[in-house]
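The values are calculated or read from the model by the stated rules, or taken from the named source; none is laboratory data. Model, not experiment: these values are computed from the prediction. Glycine gets a Cβ as well: all are built from the backbone with ideal geometry, and neighbour counts include every protein chain shown.
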Amino acid sequence: MSDCGSESDGIRYLVVPELIQINQEMLRLTPGEPFGIRDQGGLESALQKPCMHRYYNQTEDLATLASVLGIVQNHPFMNANKRTAADAVYRFLLLNGYELTMPEQDIVQLWEGAAMHAYNEEDIANLLAYWVREYDSSRLNH
């Protein structure tokens, strides 16, 4: 099986320190919410899901891989899991040459629905696929 580090066979993945940084950025937007990792194993598992899904399902579809980021379902942080998931998916797609153009109100509805299990991974993948466009990620830092 391929390594699920920050990059594997041309696909760039988020890593734990990046996800912690995203969560802290989300919390700065709403002062008073404390930062904390509720489940370290869940955090690591959430980030491994796209790489594992790619390997076991033999798919290169980035919308599908983004849809399986398990941040909302694993709920690894004390606060801001949905916001962290939304930003992590956006960054994952951007790192891999796609920009998510979904309107903000639809993003909120998507991640609230995902948290309530109103959407499954296929629903999320279909929505993401509809709202992505190619993006030149060569300007982004590695």
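Beta carbons closer than 9 Å, at least 6 apart along the sequence or on distinct chains, pair a first residue in region 45-72 that is farther than 23 Å from residue 135 by Cβ with a second that is basic (Lys, Arg) and part of a helix (DSSP H, G or I) for 70/49; 72/82.
Taken over region 107-124, the residue count meeting the criterion of being farther than 15 Å from residue 89 by Cα and among the hydrophobic types (A, V, I, L, M, F, W, C) is 2. So residue 102 clears everything in (1) at pLDDT 95 or above; (2) closer than 24 Å to residue 122 by Cα; (3) not in a loop (DSSP other than H, G, I, E, B) except one condition, right? Which one? Here residue 102 clears every test but (3).
When you scan region 127-140, do you find a residue that is in contact with a Leu (Cβ under 7 Å, 6 or more places away or on another chain), touching a residue at least 40 places away in the same chain (Cβ under 8 Å) and in a helix (DSSP H, G or I), even just one? The answer is yes, given that some residue of region 127-140 is in contact with a Leu (Cβ under 7 Å, 6 or more places away or on another chain), touching a residue at least 40 places away in the same chain (Cβ under 8 Å) and in a helix (DSSP H, G or I). Being of a type in the set (Gly, Ala, Ser) and in a loop (DSSP other than H, G, I, E, B): is that true of residue 42 here? Here the answer is no, as residue 42 does not meet what is asked.
Test residue 110 against the stated conditions and say whether it is buried (at least 18 other Cβ atoms within 10 Å of the Cβ) and either within 10 Å of the chain's Cα centre (by Cα) or aromatic (Phe, Trp, Tyr) (or both). Answer is no for this residue. Within region 31-79, restricting attention to residues that are crowded, with 19+ Cβ neighbours inside 10 Å and of a type in the set (Ser, Thr, Tyr), the residue that is farthest from residue 113 (Cα to Cα) is 64.
Taking residue 79 as the residue in question, decide whether it is in a loop (DSSP other than H, G, I, E, B), touching a helix residue (DSSP H, G or I) at 6+ places or on another chain (Cβ under 8 Å) and at pLDDT 95 or above. In short, yes.
Candidates in region 122-142 are the residues that are closer than 20 Å to residue 49 by Cα and more than 12 Å from the chain's Cα centre (by Cα); of these, the one that is surrounded by the fewest Cβ atoms within 10 Å (Cβ to Cβ) is 122.
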